């Protein structure tokens with residue numbers, strides 16, 4: 001079977017892309033509920049433990065920048081098999097690591113090779129019928145974000161029962177199963193670029209320089225994503241202290257709350273063209289600012305944390321779905337390169353949010369994290385309000 005541009009995607013292929021997107025991107029977030037546990041086991045500081053998350057996200061940015069564009073040049077099957085295999089090997093390295101430096105290095109590799117989802121989103125945008133593009137991107141994003149949030153639940157529960165090393169050993173098995181699933185269902189697709197890898201990267205740079213709307217979409221969504229990740233970067237330390245005194249399983253369970261945000265992606269996609277990207281951005285960032293206000297006031301209760309997590313995730317859904325689908329629509333024939341630009345900037349924002357939240361926690365505790373989250377969401381809102389489209 002070969003997909004043809006704008007002719008539609010079979011439901012089973014769309015489902016496969018959503019499932020694999022969730023399983024692959026989950027690799028970036030398994031560590032978050034486990035940080036306090038890993039810190040104790042490896043004998044490192046809070047800042048060093050927080051750097052595990054930062055290194056994983058930095059790796060993802062590198063993968064987005066240098067691996068994702070290959071989807072326009074090479075066979076998707078070849079790229080996906082390679083990245084999944086390297087992910088499995090990196091997960092095994094983390095599971096057997098004896099020091100924090102090994103975990104950092106393997107986390108960098110794991111993050112770089114967890115970019116499978118970012119090859120599926122352009123496929124949904126390029127090959128879906130024109131009227132279904134935003135909706136189908138929403139389906140893939142739902143799988144991706146469900147993976148992000150469910151990963152915390154799974155790793156928190158398994159980590160508490162069997163230890164953090166068992167979590168990463170399980171990741172290696174998942175990645176090998178994904179290879180079998182992909183070989184069974186993945187259809188053939190034409191290449192969007194003829195030339196060398198150097199030419200491909202030069203073309204990506206040209207798109208970035210000549211399309212200000214894509215830059216705008218990416219930057220404001222990146223700030224929103226950084227705001228969301230701030231709550232997760234040190235949540236395990238927050239929940240370990242008073243008044244909670246809980247462990248990784250509690251942090252993982254809070255991840256279930258965020259599934260509500262992920263589920264909204266499949267429902268709100270149909271309204272993007274009707275309401276417009278700008279309105280989606282205003283609503284999304286206002287929701288995030290409101291969520292952080294709740295966190296600041298009621299963040300020492302589970303009820304406050306639950307509301308914060310749900311609303312933050314819904315807010316970032318409004319931002320990502322509208323801005324990502326709009327960016328791909330600017331140049332559908334270069335969808336992988338456009339998505340590379342969007343997602344690279346997007347995860348730079350995530351790295352920034354995680355990094356700043358770690359230092360905010362070190363300086364002011366929970367109040368410092370709330371300040372980081374509010375400022376990043378407010379910056380995103382200001383960009384939208386100051387820039388008329």
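Just so you know, all these numbers are worked out from the coordinates, no wet-lab data involved. What you see is a predicted model, and the numbers here were worked out from it, not measured in a lab. We place every Cβ from the backbone using ideal geometry, glycine too, and count neighbours over all the protein chains shown.
Here are the numbers for this structure:
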| quantity | calculated |
| --- | --- |
| Rounded FRET efficiency, nearest 0.05, which uses the C-beta distance separating residue 278 from residue 40 and R0 of 45 Å | 0.45 |
| GNM top mover of 196, 327, 107 - the chain, alpha-carbon springs below 10 Å | 196 |
| Where labels lie 7 Å past Cα in the beta-carbon direction, separation of residue 129 and residue 293 in nm | 4.3 |
| Per residue, the convex hull volume that the Cα atoms of the chain enclose (Å³) | 117 |
| GNM top mover of 354, 204, 82 - the chain, alpha-carbon springs below 10 Å | 82 |
| Region 1-139: relative contact order as a whole-number percent, Cα under 8 Å and 6+ apart | 39 |
| Extended-chain gain in nm, criterion 0.36 nm per residue less alpha-carbon gap, residue 242 and residue 101 | 47.7 nm |
| Sites residue 364 and residue 197, calculated FRET efficiency, Cβ-Cβ separation with R0 30 Å, nearest 0.05 | 0.10 |
| Likely footprinting exposure, 275, 184, 232, fewest C-beta neighbours within 10 Å first | 184, 275, 232 |
| Region 11-386 - percent relative contact order, Cα under 8 Å, separation 6 or more | 26 |
| For region 340-389, Kirkwood radius (reciprocal of mean inverse C-alpha pair distance, Å) | 11.9 |
| Mean Cβ count within 10 Å, highest first, over the residues of peptides 53-66, 210-223 | 53-66, 210-223 |
| Theoretical ellipticity at 222 nm over the chain - DSSP helices of four or more residues, -39500 (n - 2.57) apiece, nearest 500 | -27000 deg cm²/dmol |
| Cβ-derived FRET efficiency at R0 35 Å, residue 85 paired with residue 385, nearest 0.05 | 0.15 |
| Potential extension, residue 301-residue 181 segment - 0.36 nm per residue separation minus Cα distance | 39.0 nm |
| Cβ-based exposure ranking for 300, 127, in which fewest neighbours within 10 Å come first | 300, 127 |
| Highest average packing first - 115-123, 173-181, 89-97, 141-149, Cβ atoms within 10 Å | 115-123, 141-149, 89-97, 173-181 |
| Candidates 279, 152, 135: whichever shows maximal mean-square fluctuation once the chain is modelled as a Gaussian network with Cα springs under 10 Å | 279 |
